[in-house]
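*Asks:* Questions regarding the structure given below will be posed in turn.
FYI, it's all coordinate maths here, none of it is from the lab. Just so we're clear, the structure is a prediction, and the values are computed from it rather than from any experiment. Because the Cβ atoms are built from the backbone with ideal geometry, glycine has one as well, and the counts that use them run over all protein chains shown.
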Amino acid sequence: MAQVRFPYQAVIFDMDGVIVDTEYFYFKQLEEMFEVLEIPVPHSELCQNVGASYKVFQKNLVRWFAMGGLELDIEEAEARYDAWAKDHPADYAALLNPGVRETVAELKNRGVRVALASSSPMDNILHVLDVCGLAGAFELVTSGEQFHESKPNPEIYLHTLECLGLPAAACCCIEDSVPGITAGKAAGLTVIAKREDRFGFSQDAADVVIDSIPDILNL
């Protein structure tokens, strides 16, 4: 039986929540930190932080520490968080979502180009890809820190499309969060959302919702 042709020339992957299940890890990490510090950051605010750019996260840290009476600038707030994170590190290899490596390899086997566009800092992206056995797997890796604004601003996707030399109609992206889905749609991409129901947000704006990354092969 002939293999059905994949409907897009390129797939652009988000990283956090798509390649690695880090969104929930970071959420619990922050929740525990503020519980220990006895700072009452609302659960809803931590949920809304999912998928936010790192710049937004830095501003949120300042605001959240202030809820506990700690008036810190961005550098001080980030340093306090980094110290906590260093003592509670993420095991990225263990957080790799099932079937990601195999799906990327199969897409490439079918002649589909693969790229990555993440709001995370580039050094974090490259570290995650390395420990997850995905170093060099993507033709193009783009970080939100390269732009004035990351997701939900579509610039990161527009830049990625320009570098690929492809129109939006020829590509799809895989996202999970509201900022990511919003950015993908604004860039004109078909947005595939990996199902996420732990934070209470809606993925209704996505074109398709899949339960696992390998499901994209059945489009």
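*Asks:* Which links in LYS151/LYS194; LYS28/LYS59; LYS28/LYS185; LYS55/LYS151; LYS59/LYS151 stretch past 21 Å when you go from one Cα to the other? Don't jump to the answer; show the numbers that get you there.
*Replies:* Values: LYS151/LYS194 17 Å; LYS28/LYS59 19 Å; LYS28/LYS185 29 Å; LYS55/LYS151 10 Å; LYS59/LYS151 15 Å.
Going by Cα-Cα distance, LYS28/LYS185 fall outside the 21 Å limit.
*Asks:* Let me ask something else. Per DSSP helix of 4 or more residues, -39500 (n - 2.57); summed, then divided by the residues of the chain. What does that give at 222 nm, rounded to the nearest 500? Provide the component values of the computation, followed by the final result.
*Replies:* On the way: 9 runs with 91 residues, N = 219.
Calculated at 222 nm, the ellipticity per residue is -12000 deg cm²/dmol.
*Asks:* Run the reach check for LYS86 against aspartates and glutamates, Cα to Cα strictly under 18 Å, same-chain hits fewer than 8 apart removed. What comes back?
*Replies:* GLU23, GLU31, GLU32, GLU35, GLU75, GLU76, GLU78, ASP123
*Asks:* Sequence-distant or interchain residues sharing an amide H contact under 5 Å with VAL209, placed H: which?
*Replies:* For VAL209, whose amide H was placed from the backbone, the distant partners under 5 Å are ALA193.
*Asks:* Can you pull out the trypsin sites (Lys or Arg not before Pro) in the stretch 16-83 whose DSSP state is coil and whose Cβ has at most 14 other Cβ atoms within 10 Å?
*Replies:* On the way: sites: LYS28, LYS55, LYS59, ARG63, ARG80; in loops: none.
For trypsin sites (Lys or Arg not before Pro) across the stretch 16-83 that sit outside H, G, I, E and B with at most 14 neighbouring Cβ atoms in 10 Å, the list is empty.
*Asks:* Moving on. Can you pull out the chymotrypsin sites (Phe, Trp or Tyr not before Pro) in the stretch 1-104 whose DSSP state is coil and whose Cβ has at most 10 other Cβ atoms within 10 Å? Intermediate values should be presented prior to the final figure.
*Replies:* Details: sites: TYR8, PHE13, TYR24, PHE25, TYR26, PHE27, PHE34, TYR54, PHE57, TRP64, PHE65, TYR81, TRP84, TYR92; in loops: TYR8.
The qualifying sites: there are none.
*Asks:* Output the 0 to 90 degree angle, nearest 10, between the alpha-carbon long axis of helix 74-87 and the longest principal axis computed from the alpha carbons of the chain.
*Replies:* 80
*Asks:* While we're on this one: Rounded, prolate or oblate for the stretch 1-100? Axes are the square roots of the Cα gyration tensor eigenvalues, ordered a ≥ b ≥ c, and the cut-off for rounded is a/c under 1.5. Can you show the working numbers first?
*Replies:* On the way: a/c = 2.95, a/b = 2.39, b/c = 1.23.
Prolate is the answer for the stretch 1-100, as a/c is 1.5 or above and a/b outweighs b/c.
*Asks:* Once both axes come from the Cα atoms, what is the angle between helix 122-131 and the longest principal axis of the chain, in degrees from 0 to 90, rounded to 10?
*Replies:* Compared with the principal axis, the helix lies near 70 degrees.
*Asks:* How large is the charge dipole for the chain, taken about the Cα centre, if only the Cβ atoms of Lys, Arg (+1) and Asp, Glu (-1) carry charge, to the nearest 20 debye?
*Replies:* Numbers: 16 positive and 34 negative charges, 184 e Å.
About 880 debye.
*Asks:* Out of these labelled values of volume of the Cα convex hull per residue in Å³, (i) 114; (ii) 125; (iii) 171, which was calculated from the coordinates shown here?
*Replies:* (i)
*Asks:* Once Lys and Arg get +1 and Asp and Glu get -1 on their Cβ, which of THR182, GLY200, ILE210 lies farthest toward the positive end of the dipole of the chain?
*Replies:* Toward the positive end, the furthest listed residue is ILE210.
*Asks:* I would also like to ask the following. Give the shape of the stretch 139-219 as rounded, prolate or oblate, defined through the alpha-carbon gyration tensor: a ≥ b ≥ c are the square roots of its eigenvalues, a/c under 1.5 means rounded, and otherwise the shape is prolate if a/b is larger than b/c and oblate if not. Intermediate results must be reported in sequence, preceding the final value.
*Replies:* Details: a/c = 1.93, a/b = 1.31, b/c = 1.47.
Oblate.
*Asks:* So what's the angle, to the nearest 10 degrees on a 0 to 90 scale, between helix 100-109 and the longest Cα principal axis of the chain?
*Replies:* 30
*Asks:* So for each of 202-208, 142-148 I average, over its residues, the number of other beta carbons within 10 Å; can you give me the resulting order with the highest mean first?
*Replies:* 142-148, 202-208
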